[in-house]
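In what follows, a single structure is set out as structure tokens and then discussed.
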Amino acid sequence: MMGFADSELDQLRDDGFGAASQPPRGANRALAASHLLLDAPGRCGAALLSAMALVVTLAVLSSAPATQPAAAALAPLPLATLAASASSTKWRGVSLGGWLVMEINPSVKGPNATLDSRPKWMFDQFEAASELDFVSELRGAHGDDYAIATMRNHWSGYITERMLDDAQALGVDTVRIPVGYWIVDSPDGGRSPLEYGISPEGFITGGLNHLLAMLVALKKRKIGALIDIHSMPCNSYCVSDGLSCAAPLAFAREGDVLMAPGAGDIGKMARCRGGAYPTTRKPTQGTATWRDVGVNAVSALAEWIAALPEEAACVVAFQLANEPAIGIAGSPYLHSVNLWYERALQAAREHLPSMPLVLSWLEPSDVVTAFLKSAKRSEKDVLVADHHYYLNWLAIPQFGMPLLTWAKLHRAACAAVAEGGLEVYTRAKQPMIIGEWSLAV
């Protein structure tokens, strides 16, 4: 079990959150603009956070009868004194994206760019195919120490105490914290994920220190946290969420689309545009495939959450995966994803038997709601669906979907929210959150 020594908690006051580390000169240059997110007078300031609070709403839509508080379906939660508690009808909050999982930010969008390519859109102002590519480039150009210092600086300064105060003042009672599976990896040659170093796949380890410090800061403000394993090993197909892979190895089985025999075994991971991500990870008993690595990450993080000290005990829900196998049209991976969820649910429940567990699919369907119903062990078991509603994905020419007219855009933004995925879940009386939502216009 991963416990917490007094010395580790003391270290948080100096290094974990809200106090940037001291990288080599210039090591944080690529990330310096991240401090402007909500902290610079005359720029976005609290207005941006206000927009985020309105746009990224964690609204719990419950299956409870009208006479029962909607969020009662989420009882019991670990901390009754939290603002995001069982007595709430909704969780209102923001997703702390770009912090412990960095999204892509290409300099230009070429003719064959992936759907989620948004040149120069992030405050970080870094340019890479994925976080792993970014770290690899830093290591190649400046060395491991430089890359480690840069990421420590990013984790320490990207979200500030003032931002959390502003969020609390706006009524935010929950934050969704995306993390990568590597957050529970020890560095090569190390013994603990709290150590700073290089993970088997090349990510920077030690982010768990900063997650712990964030939970302490949230607990002080009575804000709940939904921890989301946002990136599994090759979570997606040619969509960057930590890596940019040619197949969703975390969920794939032999015989699935894009899967050659043995492709899911632990070894090099094919990149989207050629080449491969190397790894020093070796197959062991119980960890022979990338599917196993993902399930084991769920187990390790659930164990860590269960052992949190009282001053950090503010986790109200645990999300096992995010948008699994996104990037492939249709649902060729639905059965494989559901089989993976069966294993992940068992792994999480061993350590968090009563915590609400959140599951994500693209897209919702009757098969999904039937799976959620069958996966419940009892009426007290809380499984929550995470639905993402992005107006800009309602028309994707690459998938044969025509662009919407202005009249249809207005209707989609203002009157049609309950249709599509939301309607699938509400019809099945399935508790859910809207974990990501944006007009993105």
Practice task
Considering only the stretch 218-239, state which residues are farther than 21 Å from residue 330 by Cβ and hydroxyl-bearing (Ser, Thr, Tyr).
Solution key: 231
Problem - Scope the stretch 336-385; condition over 26 Å from residue 258 (Cβ atoms), free of Cβ contacts under 8 Å to residues at least 40 places away in the same chain and open to solvent by less than 30 Å² (accessible area, probe 1.4 Å); matching residues - result: 375, 381
Problem - Search result, residues across the stretch 294-326 that are closer than 20 Å to residue 238 by Cα and surrounded by fewer than 24 Cβ atoms within 10 Å (Cβ to Cβ) - result: 323, 326
Practice task
Select from the stretch 259-273 the residues that are assigned to a loop (DSSP other than H, G, I, E, B) and either of a type in the set (Gly, Ala, Ser) or surrounded by fewer than 18 Cβ atoms within 10 Å (Cβ to Cβ) (or both) and list them in ascending order.
Solution key: 259, 260, 261, 262, 263, 264, 267, 268, 273
Fill in the blank from the handout: Note: among 376, 380, just one is modelled with pLDDT under 90 and of a type in the set (Lys, Arg), namely 380
Problem - Members of the stretch 170-213 found to be under 23 Å from residue 250 (Cα atoms), part of a loop (DSSP other than H, G, I, E, B) and in contact with a helix residue (DSSP H, G or I) (Cβ under 6 Å, 6 or more places away or on another chain), listed by number - result: 193, 199, 202, 203
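Each row is one residue, and each column tells you yes or no for (1) of a type in the set (Asp, Glu); (2) within 19 Å of residue 305 (Cα to Cα); (3) modelled with pLDDT of 95 or more.
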residue	(1), (2), (3)
188	yes, no, yes
204	no, no, yes
209	no, yes, yes
215	no, yes, yes
Handout entry: residue 169, sole failed condition from (1) aliphatic (A, V, I, L, M); (2) touching a Cys at 6+ places or on another chain (Cβ under 8 Å); (3) open to solvent by 10 Å² or more (accessible area, probe 1.4 Å)
Key = (2)
Practice task
Assess whether residue 239 counts as being part of a loop (DSSP other than H, G, I, E, B) and touching a residue at least 60 places away in the same chain (Cβ under 8 Å).
Solution key: yes
Exercise for the section: Return only the number of the condition from (1) at pLDDT below 95; (2) open to solvent by less than 10 Å² (accessible area, probe 1.4 Å); (3) not hydrophobic (A, V, I, L, M, F, W, C) that residue 255 does not satisfy. Expected result: (2)
Completion exercise
Of the residues in the stretch 274-325, those that are among the β-branched types (Val, Ile, Thr), under 16 Å from the mean Cα position of the chain (by Cα) and assigned to a loop (DSSP other than H, G, I, E, B) come to none
Practice task
Output the residues belonging to the stretch 170-186 that are over 24 Å from residue 433 (Cα atoms) and among the small types (Gly, Ala, Ser).
Solution key: 186
Completion exercise
Quick count over the stretch 274-287, residues being crowded, with 17+ Cβ neighbours inside 10 Å, under 20 Å from residue 129 (Cα atoms) and not β-branched (Val, Ile, Thr), is 1
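Which residues, taken from the stretch 231-245, are surrounded by fewer than 24 Cβ atoms within 10 Å (Cβ to Cβ) and within 18 Å of residue 293 (Cα to Cα)?
Selection gives 237 alone.
The values are calculated or read from the model by the stated rules, or taken from the named source; none is laboratory data. Computed from a prediction, not measured in an experiment: that's the story for all the values here. Don't worry about glycine lacking a Cβ; one is built from the backbone with ideal geometry, like all the others, and counts go over all protein chains shown. Ligands, DNA and RNA are excluded from the accessible area calculation, which covers all protein heavy atoms including side chains. Shrake-Rupley method; radii C 1.70, N 1.55, O 1.52, S 1.80 Å.
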